[in-house]
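The values are calculated or read from the model by the stated rules, or taken from the named source; none is laboratory data. Everything numeric here is computed off the predicted structure, so don't read it as measured data. Note that we place each Cβ from the backbone using ideal geometry, even for glycine, and neighbour counts take in every protein chain shown.
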């Protein structure tokens, strides 16, 4: 509790010093997007909507909003605007969310947004949603998306198999050969290529499929592509860390980000030198330090 309180004070002391100044810099998702999204998430969780607004604005002033899977920042920014009494600004972010591929359903089913959709602009957004949705769907590679849906289903089957049944050349191996060809052609196939998870309401994240690839392919082919995708705002740093830590653990090496062994641990129980090393690695890909992650995890409980 003392650690959580101290970290919150530090975050909001920083916010107080900069409330009236949001500097626009060249987009760098690692340095000035993910860290601000984290601070905004903490502020959102404790219902400090002014602070959340500040950090969301700071992130969005530098980089295009991407709706990071683990934070859902565009939806939450719309909610923040409602809480601050800015209905028109809230609708700006509803429209932005639709533009980048999200469904209108989360808004229509949330009672907080009921009033805003009775306004003229709100009604126009609802009426025009299907047209915009069709334009979005037409802009992605649905044939490729179908392949990823099939891969996701195959992986689910694979995970349900017993160790004796898990033969890579039966279900997963065929998918992974195709996956490599896709990565060769497209780089990381993010939401701009295969669409948002709301299309069939099925979770599709290519990063998790590559975890079944061979050790050499993970190290030399996939992880470098995932690293670039994270830098470009196409992949959450949490997913990069999860894939790389799993590879390191399965090859009997020390993990880099603490996503396996130390997930959910109180950082005070970790050797200080190891903690410093893990935190340095985390910051380098846009993750919060373990102390801050621990605080956020507790806030969400």
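Only residues that are on the phi < 0 side of the Ramachandran plot, in a loop (DSSP other than H, G, I, E, B) and in contact (Cβ under 8 Å) with a residue 60 or more places away in the chain were counted across region 80-132, and they come to 3. When the criteria are applied in full, residue 135 meets the requirement of being without any contact (Cβ under 8 Å) to a residue 12 or more places away in the chain and under 20 Å from residue 64 (Cβ atoms). Tell me whether region 189-211 contains one or more residues that are closer than 21 Å to residue 101 by Cα, over 19 Å from the mean Cα position of the chain (by Cα) and outside any loop (DSSP other than H, G, I, E, B). The answer is no; no qualifying residue exists. Of the candidates 262, 257, the single residue that is within 29 Å of residue 193 (Cβ to Cβ), outside any helix (DSSP H, G or I) and without any contact (Cβ under 8 Å) to a residue 40 or more places away in the chain is 257.
For residue 154, are the conditions met, namely being buried (at least 17 other Cβ atoms within 10 Å of the Cβ) and free of Cβ contacts under 8 Å to residues at least 24 places away in the same chain? Yes.
The set of residues in region 21-37 being crowded, with 19+ Cβ neighbours inside 10 Å, within 26 Å of residue 195 (Cβ to Cβ) and in contact (Cβ under 8 Å) with a residue 60 or more places away in the chain consists of 29, 33, 34.
Scan region 50-71 for residues that are surrounded by fewer than 18 Cβ atoms within 10 Å (Cβ to Cβ) and under 18 Å from residue 96 (Cβ atoms) and the total you get is 4.
Of all the residues in region 126-139, those that are at pLDDT 95 or above and surrounded by 16 or more Cβ atoms within 10 Å (Cβ to Cβ) number 1.
Go through region 279-301 and report how many residues are modelled with pLDDT of 95 or more and assigned to a helix (DSSP H, G or I). Count: 6. Looking at region 182-196, is at least one residue modelled with pLDDT under 90, closer than 23 Å to residue 78 by Cα, out of contact with any strand residue (DSSP E or B) (no Cβ under 8 Å at 6 or more places or on another chain) and surrounded by 14 or more Cβ atoms within 10 Å (Cβ to Cβ)? Checked region 182-196: at least one residue is modelled with pLDDT under 90, closer than 23 Å to residue 78 by Cα, out of contact with any strand residue (DSSP E or B) (no Cβ under 8 Å at 6 or more places or on another chain) and surrounded by 14 or more Cβ atoms within 10 Å (Cβ to Cβ). Annotation note: Cβ proximity below 7 Å between a residue of region 59-70 that is modelled with pLDDT of 90 or more and a residue that is crowded, with 19+ Cβ neighbours inside 10 Å and assigned to a loop (DSSP other than H, G, I, E, B) (sequence gap 6+ or interchain) occurs for 63/233; 66/233.
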